[in-house]
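A.B. asks: I'd like to ask some things about the structure below.
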Amino acid sequence: MSSTSPTPDHGAQPAVTVSDVIKSYGDRRAVDGVSLDVRRGEFFGLLGPNGAGKSTLVEIMEGLRKADSGSVTVFGESPWPRNTGLLPRMGVQTQSSAFFVRQTVHEHLRTVAALFGAKREAVDATLDAVGLGGQHDVRVDNLSGGQRQRLAIASALVHGPELIFLDEPTAALDPEGRRDLWEVLRGLKAEGRTIVYTTHHLDEAEALCDRVGILVAGRLVVTDEPQHLIGTFGATSRLLVPLGRIDEREASSLPGVDGVTVQGGHLVLETRATGRVLAALDPLTGLDGVQTRTPTLEDVYLEITARQTQAPLTANDTNNAISAITANNKEQQA
Ligand code: ADP
C-alpha cells in the first residue's frame with residue numbers, strides 16, 4: 001500500500017454524503033430514499049438481507065451507477081459522471097470479471113497500480129498485507145475463490161486511497177482468512193482511512209464498525225453505533241440453566257423472565273432483566289453451571305429485520321419504536 005496516509009479529520013466535511021437517493025430497476029425500487037453521512041476516518045458497515053439494495057447503494061456512492069434522483073457527494077464532489085479527480089482518493093473492490101486473468105497475481109496488481117499512478121513498491125506490500133505474498137507468480141485464472149477475493153481487495157488498496165469501498169470482502173474467506181483481513185482493515189482505519197463496507201457477518205460488523213446502517217427493502221431503517229444499538233434495542237439476554245434444576249412452569253413465573261424454551265441440555269430463560277432473574281434463580285437452583293448469553297448485534301439485526309418484514313416502518317416509526325422499547329426496558333429494569 002502506498003505510504004500516503006490521510007490526516008484524520010473527524011470534524012470536517014463527511015467523506016460521503018447521500019441525500020434522498022432513489023434507484024429503480026424497471027418497476028423494482030432497489031434504493032428507496034436513502035440519506036446518510038459517512039464521516040471521515042469512520043468504519044461504516046452497511047447491513048441488510050439479500051436484495052435490500054446494499055450493492056446498488058455502494059455502487060452509487062462509488063460513482064459506478066447513477067441514482068434516479070437525490071444526490072451523492074464524495075469529499076464534497078459528485079462521483080457521477082465518472083469523476084477522474086476522485087479516482088485516486090477512492091479504492092473500489094474489483095469484481096472478478098474485471099481481472100486480467102491471463103496475468104500473474106503480481107502482474108495484475110502492477111497493472112492496477114500503474115493505472116492509478118501508485119508506486120511499484122506498494123504492490124509487494126499490498127500482496128503481503130492481504131496474504132498473497134506467496135502467490136506472486138500464480139496466474140489469476142488459477143486462483144481459488146478466496147484468493148481472488150484477496151486480490152480484489154488488494155486492487156482497492158494498492159494506491160493508498162483515503163476512502164475504501166468493499167462489498168462483502170470476507171464472503172469467500174475461511175475463518176482464519178477473515179481474521180487476517182480484520183487486522184488489515186483495522187490497520188487501514190488506524191491510518192485514518194475511511195472504510196465503507198457491506199457484510200453478512202454480524203459478529204464482524206460488531207467487532208469492526210464505528211457505525212452500521214441497516215437497509216431493508218431499499219430503506220435505511222436505522223444507523224447507529226453497534227453497542228448503542230444493542231443497548232437501545234435491548235435485545236433479550238438468555239440464561240442457560242442445566243435441565244432438571246427448575247421446571248419450565250416455575251421458570252416462566254420468575255419475575256423478569258419473558259420466555260422459556262428447552263434447547264439442548266438447557267432451559268433457556270429470555271430476559272431483559274438479567275440481574276433480577278439471576279437473583280431469583282440463586283436460592284432455587286444455585287448459579288453453578290448457569291450461563292449468561294448477552295445480546296449481540298446479530299440479535300438486534302434479526303429483531304429489526306423481522307419487524308420490518310412483517311410491517312415495514314418509516315424512519316419516524318423506527319424512532320418511535322426505539323423510544324417505546326427504551327421506555328419499556330427502563331420500566332423492566334426498575
Ligand atoms: P443487496 O446488495 O442488498 O443484495 P442489490 O443492490 O444487489 O441488493 O439488489 C437490490 C434489488 O435490485 C434486488 O431486488 C435485485 O434483484 C435488484 N437488482 C440489482 N441489480 C440489478 C440490475 N442490474 N438489474 C435489475 N435489477 C437489479
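The values are calculated or read from the model by the stated rules, or taken from the named source; none is laboratory data. Keep in mind that this is a model prediction, so the values were computed, not measured. Heads up, the Cβs are rebuilt from the backbone with ideal geometry, glycines too, and the neighbour counts pull from every protein chain shown. When the accessible area is computed, the model is the full protein with side chains, heavy atoms only, and any ligands, DNA or RNA have been set aside. Shrake-Rupley method; radii C 1.70, N 1.55, O 1.52, S 1.80 Å.
A.B. asks: Give me, ordered by chain and number, the residues 5 or more places off G160 or on other chains with an amide H under 5 Å from its own placed amide H.
C.D. replies: Those qualifying (amide H under 5 Å, at least 5 residues apart or on another chain) are S2.
A.B. asks: If you plug each phi of the range 37-51 into the Karplus form 6.51 cos²θ - 1.76 cosθ + 1.60 with θ = phi - 60°, what whole-Hz ³J(HN,Hα) values come out, in order, with x for Gly and Pro?
C.D. replies: 10, 10, 6, 5, x, 8, 9, 10, x, 9, 10, x, x, 4, x
A.B. asks: Rounded to whole Hz and in sequence order, give me ³J(HN,Hα) for the range 239-251 from the Karplus expression 6.51 cos²θ - 1.76 cosθ + 1.60, θ = phi - 60°, writing x for Gly and Pro.
C.D. replies: 10, 9, 10, x, 4, x, 7, 8, 8, 4, 5, 5, 5
A.B. asks: First select every other residue whose beta carbon is under 12 angstrom from the beta carbon of Q227; then total the charges, Lys and Arg +1, Asp and Glu -1. Don't skip to the end; give the middle numbers.
C.D. replies: On the way: positive: R211; negative: E206, D210, D224, E225.
In short, -3.
A.B. asks: Can you tell me the 0 to 90 degree angle between the C-alpha axis of helix 297-310 and the longest principal axis of the chain, rounded to 10?
C.D. replies: Taking Cα atoms only, the helix is inclined about 90 degrees.
A.B. asks: Find how much the distance from D203 to E121 grows on full extension, using 0.36 nm per residue of separation minus their present alpha carbon separation; answer in nm with one decimal.
C.D. replies: On the way: separation 82, 0.36 × 82 = 29.52 nm, distance 3.41 nm.
In short, 26.1 nm is gained.
A.B. asks: Counting helices only, and only those DSSP H runs with n ≥ 4, report the 222 nm mean residue ellipticity of the chain as the sum of -39,500 (n - 2.57) divided by its residues, in deg cm²/dmol to the nearest 500.
C.D. replies: Details: 11 runs with 123 residues, N = 334.
Per the formula, -11000 deg cm²/dmol.
A.B. asks: Sorted by accessible area (1.4 Å probe), largest first, how do V101, V130 line up? Could the numbers behind the result be given before it?
C.D. replies: Values: V101 60, V130 10 Å².
From most exposed to least exposed: V101, V130.
A.B. asks: Under a 5 Å amide H to amide H cut-off, with H placed in plane at 1.01 Å, what residues pair with V16 once short-range neighbours are removed?
C.D. replies: V38, F75
A.B. asks: Measure nothing but the geometry: give the 0 to 90° angle between the long axis through the Cα atoms of 274-285 and the longest principal axis through the Cα atoms of the chain, rounded to 10°.
C.D. replies: For helix 274-285, the angle is close to 50 degrees.
A.B. asks: Run the quick spin-label model on R249 and N50: label points 7 Å from Cα toward the beta carbon, then report their separation in nm to one decimal.
C.D. replies: Result: 4.5 nm between the two label points.
A.B. asks: Please report the base-10 log of the normalised intensity I(q)/I(0) for the range 16-229, using a Debye sum with one equal scatterer per alpha carbon and no solvent, at each q in 0.08 (1/Å).
C.D. replies: Log10 of I(q)/I(0), two decimals: -0.27.
A.B. asks: List every residue whose amide H lies under 5 Å from the amide H of L166, counting only residues 5 or more places away in sequence or on a different chain, with H placed 1.01 Å from N in the peptide plane.
C.D. replies: The answer is V196, Y197, T198.
A.B. asks: Working from Cα positions, state the angle (0 to 90°, nearest 10) between the long axis of helix 175-190 and the longest principal axis of the chain.
C.D. replies: Taking Cα atoms only, the helix is inclined about 70 degrees.
A.B. asks: Report, in listed order, any pair from K23/K54; K54/K189; K66/K189 with a Cα-Cα distance greater than 23 Å. The partial results should precede the final answer.
C.D. replies: Numbers: K23/K54 12 Å; K54/K189 21 Å; K66/K189 28 Å.
From the list (K23/K54; K54/K189; K66/K189), the Cα-Cα distance tops 23 Å for K66/K189.
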